[in-house]
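The values are calculated or read from the model by the stated rules, or taken from the named source; none is laboratory data. Here the structure is a predicted model, which means the values were calculated and not measured. When we count neighbours, we look across all protein chains shown, and the Cβ atoms used for this are built from the backbone with ideal geometry, even at glycine. Note: accessible area is taken over every heavy atom of the protein model, side chains too, but ligands, DNA and RNA are not part of it. Shrake-Rupley method; radii C 1.70, N 1.55, O 1.52, S 1.80 Å.
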Amino acid sequence: MIETFAALSDPNRLRIVSLLLEGPQPVGTIAERLRLNQPQASKHLMALKKAHLVEVEARAQQQLYQLDPAGLLAVHDWLEPYRRLWSARFAQMDEVIAQMVREEAHDRKD
């Protein structure tokens, strides 16, 4: 998981992942849209591939990069315990705020 988060810590790699949400893209398109030269884009894509965040598929003369669902699922699964913790804490905070609102409304009536 450290390799995954290390790969995502680079702003260009994070931008590539966001771009690939639109669907598979050839390296040339990725480079052009992110204003990178092609060797830079290829280097970032290889790092993302090594971290199992993207996969490559050969179609005709092109190499198309797309998000790797298995790698993203691993990130999702790793985050799940934290998501449950945050949800519970936000629910507690909602209860505190609701109680404060009720008390304030009660104080205004008096």
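With a cap of 14 neighbouring Cβ atoms within 10 Å, and only residues DSSP puts in a loop, list the trypsin sites (Lys or Arg not before Pro) found in the stretch 1-39. It would help to have the intermediate numbers written out before the result.
Working: sites: Arg13, Arg15, Arg33, Arg35; in loops: Arg35.
Here the trypsin sites (Lys or Arg not before Pro) that fit, given the DSSP loop and packing criteria, are Arg35.
Quick one: accessible surface of Ser18, probe radius 1.4 Å, all protein chains present, in square angstrom to the nearest 10.
70
If all Cα-Cα distances of the stretch 1-67 are sorted into 10 Å bins from 0 onward, what percent lands in each bin, rounded to whole numbers?
Calculated over all Cα pairs of the stretch 1-67, the distribution is 23, 60, 16, 1 percent.
In the neighborhood of Gln66, defined by Cβ-to-Cβ distances under 9 Å, what is the net charge if each Lys or Arg adds +1 and each Asp or Glu adds -1? Don't jump to the answer; show the numbers that get you there.
On the way: positive: none; negative: Glu55, Glu57, Asp68.
That sum, taken over residues with Cβ under 9 Å, equals -3.
Which residue, chosen from Val75, His106, Ala31, occupies the Cα position most advanced towards the positive end of the dipole of the chain, where the dipole is computed from +1 (Lys, Arg) and -1 (Asp, Glu) charges on Cβ about the Cα centre?
Ranked along the dipole, the leading option is Ala31.
Hey, what do the phi angles of the stretch 19-35 turn into as Karplus ³J(HN,Hα) couplings, whole Hz, using 6.51/-1.76/1.60 and θ = phi - 60°, x for Gly and Pro?
4, 6, 4, 6, x, x, 9, x, 4, x, 5, 4, 4, 5, 5, 9, 6
Using a simple charge model, +1 on the beta-carbon of Lys and Arg, -1 on the beta-carbon of Asp and Glu, nothing else, what dipole does the chain show about its Cα centre, in debye to the nearest 20? All intermediate terms of the calculation are to be shown ahead of the outcome.
Working: 14 positive and 15 negative charges, 98 e Å.
Once rounded to the nearest 20, the dipole reads 460 debye.
Given a 1.4 angstrom probe, I'd like the percentage of the accessible area of the chain that is carbon and sulfur, rounded to a whole number. Working shown, then result.
Details: 4480 of 7890 Å².
Its accessible area is 57 percent carbon and sulfur atoms.
Quote the FRET efficiency, to the nearest 0.05, computed for His106 versus Leu79 with a Förster distance R0 of 35 Å and r equal to the Cβ-Cβ distance. Show your work: numbers first, answer last.
Details: r = 40 Å, r/R0 = 1.13.
For His106 and Leu79, the calculated efficiency is 0.30.
Using a cut-off of 15 Å between beta-carbons, work out the net charge of the residues near Glu57 (Lys and Arg +1, Asp and Glu -1, Glu57 not included).
Details: positive: Lys49, Arg59; negative: Glu55, Asp68.
Local charge sum for Glu57: 0.
For Arg102, Arg83, give the ranking by accessible area with the largest first, probe 1.4 Å.
On the way: Arg102 135, Arg83 85 Å².
Correct descending sequence by accessible area is Arg102, Arg83.
Could you report the chain's accessible area per residue, 1.4 Å probe, as an integer in Å²? Before the final figure, lay out the partial values.
On the way: 7890 Å² over 110 residues.
Averaged over the residues of the chain, the accessible area is 72 Å².
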